[in-house]
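A short worksheet on the structure shown next.
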Amino acid sequence: MYIGYPVIGTPDGAFPFDAVLLSPTHGVVIFDIVEGRDIGEFRSRQDNAFAKLQSKLLQYPSLVRRRQLVPIINVATFAPVVTGDEVDEEYPTFRGNDVAAFVSTLKWDEPIYFPALASAIQSLSTIRKGRRKKVINNESSRGAKLQRLSDSIANLDADQGAAVVETVNGVQRIRGLAGSGKTIVLALKVAYLHAQNPDWQIAVTFNTRALKGQFERLVTTFVIEQTNEEPDWRKISILHSWGSPAMPGVYYNYTKANELTYYDFGAAQAQFGADKEFDGACLEAIASTGDTSKEKYDVILVDEAQDLPASFLRLCYKFLRVPKRLIYAYDELQTLTNISVEAPENLFGEDINGRPLVSFEEAVPGRPRQDIILERCYRNSRPILATAHALGFGIYREPGGLIQIFDRKELWLDVGYAVKDGRLEDGQPVSLQRTPATSPPFLEDHSPIDDIIHFQSFENADKQDDWLVEQIIKNIQEEELSPEDIIVINPNPLTTRTAVAAARAKLFKAGINSSIAGVSGSPDIFFEDDVVTFTGIFRAKGNEAAMVYIINSHDCYNAFFPALLARTRNRLFTAITRSKAWVRVLGVGPKMDALTAEYSRIKENDFALNFVYPDEKRRKELRVINREMTKAERSQVSKKLSDLSGVLDALERGEVQPEDLPIEMRERLRSLFS
């Protein structure tokens with residue numbers, strides 16, 4: 001049941017329906033709603049609504065049989081406070097509970113068409129199938145499997161549909177795993193709000209520049225479907241979170257509107273310190289405006305909010321006109337940090353009376369929700385998602401065990417895990433697994449598990465490159481994948497250019513074009529037609545591909561600083577979750593051998609997460625280990641560790657005897673490590 005939806009494009013512009021019911025047993029029921037006491041020209045309104053929806057649905061061959069529309073469309077007027085009787089069997093009107101009785105009399109015996117009907121109503125049919133229709137010659141090829149997989153993901157689920165249509169007059173958050181559809185939901189929401197409120201100033205923002213092109217494509221497609229016109233880009237702004245004079249962003253626009261000092265990355269680092277650049281710049285901008293900041297936008301939508309500082313969300317809040325419609329989407333597990341995005345009461349601060357500026361109320365039936373959770377994952381299959389989480393948290397790491405964990409254990413249930421065995425309690429053994437409801441089986445039924453996810457270790461980088469190139473050539477020339485179906489991710493962003501050079505040269509020699517995202521072409525565009533994309537991990541975020549190759553994965557096995565191990569594993573987690581069909585995790589040497597053995601233990605446990613949930617003491621230890629360290633702090637610790645390493649080496653070589661150490665130093669060491 002949709003209220004104020006769908007909005008469809010007509011020659012006269014956007015046409016919003018008062019309400020539409022979709023049912024696999026009753027068909028389509030359009031409701032013409034009269035809120036006042038005058039029923040007006042309800043017959044002409046019913047005819048108009050019927051004609052517009054029928055015209056839209058007739059455009060979809062999957063809904064037409066022998067030139068006839070298969071779904072049955074009914075129309076009724078609901079006028080609860082109209083006085084007097086309007087009896088017309090052809091144009092039914094209702095005032096109360098008799099609506100339900102009317103709907104129950106409607107029969108539709110073609111439920112097999114319901115998914116295609118819902119997809120057409122939700123405006124998804126043009127986006128789910130990709131940019132170009134594949135030419136498939138082999139029905140068992142990867143290309144054919146990918147096409148069937150894309151066709152299967154045809155509809156929004158109930159939570160996704162609610163996230164599109166429900167908007168509160170205030171702050172709203174949308175939470176979900178990677179692959180739960182947050183980006184598509186936000187793009188649909190922009191189109192819906194733009195169609196309903198063409199005068200609103202709407203901004204979409206994000207941390208990863210490569211998302212700009214994706215948002216432009218999605219928003220354009222959805223707006224045309226809902227209004228029959230191109231988006232009015234004077235009213236819709238797709239902006240990077242930071243921005244610059246050459247490429248405006250939300251922070252840059254805020255400083256310009258309020259006549260503040262703007263900091264680019266270098267200036268911010270000099271002023272606020274390493275690793276605090278954007279947070280410091282946003283905090284200063286907020287402090288400089290106080291209660292007098294200019295308000296520019298009617299709605300701001302933030303994607304991948306977990307990658308942005310809390311101060312940026314507060315800056316967005318100040319940049320909004322009343323009633324402060326801020327919608328931020330994030331992944332509870334995307335960064336695998338100990339502390340998820342803060343609760344809204346803490347995130348947005350307090351008023352002069354000490355009351356939270358933003359607080360979420362309990363959901364009330366019939367009202368838009370402030371907090372929507374997307375628990376189903378439509379990108380990653382159960383084996384891929386569970387593997388990513390097991391490696392990220394160190395569930396089966398030997399030796400050492402857990403790398404990080406959440407304080408709020410309920411997050412596991414919120415994002416679609418279920419307790420298989422044990423108890424989700426401190427100090428208790430527990431087994432967590434994905435369910436068919438939250439990880440649909442069709443995501444893994446297309447291929448054997450050993451093909452869906454594959455780890456491989458090589459003796460050296462040359463052999464890794466040779467295998468990678470051989471497989472990509474096979475994917476394209478034999479398996480009917482397009483070059484843009486493939487991405488190659490290097491987890492270390494500092495080495496990507498040199499790390500991928502040899503493989504790209506070999507592909508070029510084989511007649512296959514490739515690019516480095518954000519380097520070879522526009523920083524705002526991730527994929528190019530007929531091009532294999534190579535990328536570092538940061539530009540990969542927010543994007544997906546059918547076949548994902550992760551090279552040099554051994555770099556993610558451990559880290560010199562224990563505090564950086566979680567961040568290092570996060571890169572591997574993020575890379576794995578870019579895959580919507582197949583993933584290849586490649587690396588070199590003993591570290592890759594150890595990582596492969598860790599994956600084997602995940603597979604042996606049938607991709608369930610089996611571990612003892614850490615108690616408060618152990619969680620505190622993990623928080624200390626994973627504490628944030630600035631570059632200056634890491635440099636200082638590195639120097640001290642180097643000094644300590646020299647002492648240990650001297651002790652091992654016998655150049656220094658333990659008895660040579662002062663007694664006080666020996667006692668302090670013994671006390672620290674007891």
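The values are calculated or read from the model by the stated rules, or taken from the named source; none is laboratory data. None of the values given here were measured: they were computed from a predicted structure. All Cβ positions, even for glycine, are placed from backbone atoms using ideal geometry, and neighbour counts span all protein chains on display. Quick note on the areas: whole protein, heavy atoms, side chains included, nothing else; ligands and nucleic acids left out. Shrake-Rupley method; radii C 1.70, N 1.55, O 1.52, S 1.80 Å.
What to note about this one:
- Output for segment 279-290, where each listed residue is open to solvent by less than 20 Å² (accessible area, probe 1.4 Å) and not aliphatic (A, V, I, L, M): Gly280, Cys282, Thr289
- Residue in segment 514-532 that is nearest to Arg571 (Cα to Cα), counting only those that are touching a helix residue (DSSP H, G or I) at 6+ places or on another chain (Cβ under 7 Å) and outside any loop (DSSP other than H, G, I, E, B): Ile516
- Residue check, Lys580 buried (at least 23 other Cβ atoms within 10 Å of the Cβ), of a type in the set (Lys, Arg) and not in a loop (DSSP other than H, G, I, E, B): yes
- Ser311 vs. criteria part of a helix (DSSP H, G or I), among the polar types (S, T, N, Q) and at negative phi: yes
- Of the strands (runs of 3 or more DSSP E) lying entirely inside segment 1-77, the ones with 3 or more residues being among the aliphatic types (A, V, I, L, M) and under 15 Å from Gln122 (Cα atoms) are found at 19-23.
- Condition met for Arg619 (surrounded by fewer than 22 Cβ atoms within 10 Å (Cβ to Cβ), modelled with pLDDT under 90 and of a type outside the set (Ser, Thr, Tyr)): yes
- Condition met for Ala329 (at pLDDT below 95 and under 25 Å from Pro198 (Cβ atoms)): yes
- Of residues in segment 501-513 being in contact with a strand residue (DSSP E or B) (Cβ under 8 Å, 6 or more places away or on another chain) and assigned to a loop (DSSP other than H, G, I, E, B), the one most open to solvent (accessible area, probe 1.4 Å): Asn513
- Of everything listed in (1) touching a residue at least 60 places away in the same chain (Cβ under 8 Å); (2) surrounded by fewer than 24 Cβ atoms within 10 Å (Cβ to Cβ); (3) closer than 28 Å to Gly143 by Cβ, the single unmet condition for Glu528 is (1).
- The lone criterion from (1) part of a helix (DSSP H, G or I); (2) without any contact (Cβ under 8 Å) to a residue 12 or more places away in the chain left unmet by Ala363 is number (1).
- Residue within segment 249-259 that is closer than 19 Å to Phe319 by Cα, free of Cβ contacts under 8 Å to residues at least 40 places away in the same chain and in a loop (DSSP other than H, G, I, E, B) present: yes
- Among the residues of segment 201-233, those that are of a type in the set (A, V, I, L, M, F, W, C) and either in contact with a Phe, Trp or Tyr (Cβ under 7 Å, 6 or more places away or on another chain) or open to solvent by less than 40 Å² (accessible area, probe 1.4 Å) (or both) comprise Ile202, Ala203, Val204, Phe206, Ala210, Leu211, Phe215, Leu218, Val219, Phe222, Val223.
- Screening segment 268-278 for residues that are open to solvent by less than 40 Å² (accessible area, probe 1.4 Å) and of a type in the set (A, V, I, L, M) and picking the one that is farthest from Tyr317 (Cα to Cα) gives Ala274.
- Unique match (being at pLDDT 90 or above, closer than 16 Å to Ile372 by Cβ, surrounded by fewer than 19 Cβ atoms within 10 Å (Cβ to Cβ) and not small (Gly, Ala, Ser)) among Asn197, Asn169: Asn169
- Residues (closer than 20 Å to Ala14 by Cβ and not in a helix (DSSP H, G or I)) located in segment 173-194: none
- A Cβ distance below 9 Å, combined with a sequence gap of six or more or placement on separate chains, defines the contacts here; from segment 404-420, residues that are under 17 Å from Asp159 (Cβ atoms) and at pLDDT below 90 reach residues that are among the basic types (Lys, Arg) and in a loop (DSSP other than H, G, I, E, B) in the pairs Asp414/Arg408; Gly416/Arg376.
- One residue stands out in segment 163-172 among those that are of a type outside the set (D, E, K, R) and assigned to a loop (DSSP other than H, G, I, E, B): the one that is farthest from Trp412 (Cα to Cα), namely Asn169.
- The listed residue being small (Gly, Ala, Ser), modelled with pLDDT of 95 or more and part of a helix (DSSP H, G or I), out of Ala594, Ala563: Ala594
- Number of residues in segment 358-377 that are open to solvent by 40 Å² or more (accessible area, probe 1.4 Å) and within 21 Å of the chain's Cα centre (by Cα) equals 6.
- The set of residues in segment 346-357 that are of a type in the set (A, V, I, L, M) and either open to solvent by 50 Å² or more (accessible area, probe 1.4 Å) or more than 14 Å from Lys324 (Cβ to Cβ) (or both) comprises Ile352, Leu357.
- Single unsatisfied condition, Asp426 versus (1) closer than 17 Å to Leu146 by Cα; (2) charged (D, E, K, R); (3) touching an Asp or Glu at 6+ places or on another chain (Cβ under 6 Å): (1)
- If you go through segment 91-116 and keep only what is closer than 15 Å to Arg43 by Cα, touching a residue at least 24 places away in the same chain (Cβ under 8 Å) and assigned to a loop (DSSP other than H, G, I, E, B), you end up with just Tyr91.
- Taking segment 291-317 as the range and being farther than 30 Å from Thr574 by Cβ and either of a type in the set (A, V, I, L, M) or open to solvent by 30 Å² or more (accessible area, probe 1.4 Å) (or both) as the test, the residues that pass are Asp291, Thr292, Lys294, Glu295, Lys296.
- Contact map, segment 117-130: first residue of a type outside the set (A, V, I, L, M, F, W, C), second residue in a helix (DSSP H, G or I) and at pLDDT below 70, Cβ cut-off under 6 Å, separation 6 or more or different chains; pairs are Ser119/Ser125.
- Within segment 545-577, restricting attention to residues that are of a type in the set (A, V, I, L, M), within 24 Å of the chain's Cα centre (by Cα) and under 16 Å from Asn492 (Cβ atoms), the residue that is surrounded by the fewest Cβ atoms within 10 Å (Cβ to Cβ) is Leu564.
- For Asp18, the requirement of being open to solvent by less than 40 Å² (accessible area, probe 1.4 Å), closer than 23 Å to Val164 by Cβ and touching a Phe, Trp or Tyr at 6+ places or on another chain (Cβ under 7 Å) is not met.
- Subset of segment 122-162 (residues that are among the aliphatic types (A, V, I, L, M), at pLDDT 85 or above and under 23 Å from the mean Cα position of the chain (by Cα)): Leu146, Leu149
- Any hit, segment 534-544, residues being buried (at least 18 other Cβ atoms within 10 Å of the Cβ), under 20 Å from Ile452 (Cα atoms) and touching a Lys or Arg at 6+ places or on another chain (Cβ under 6 Å): yes
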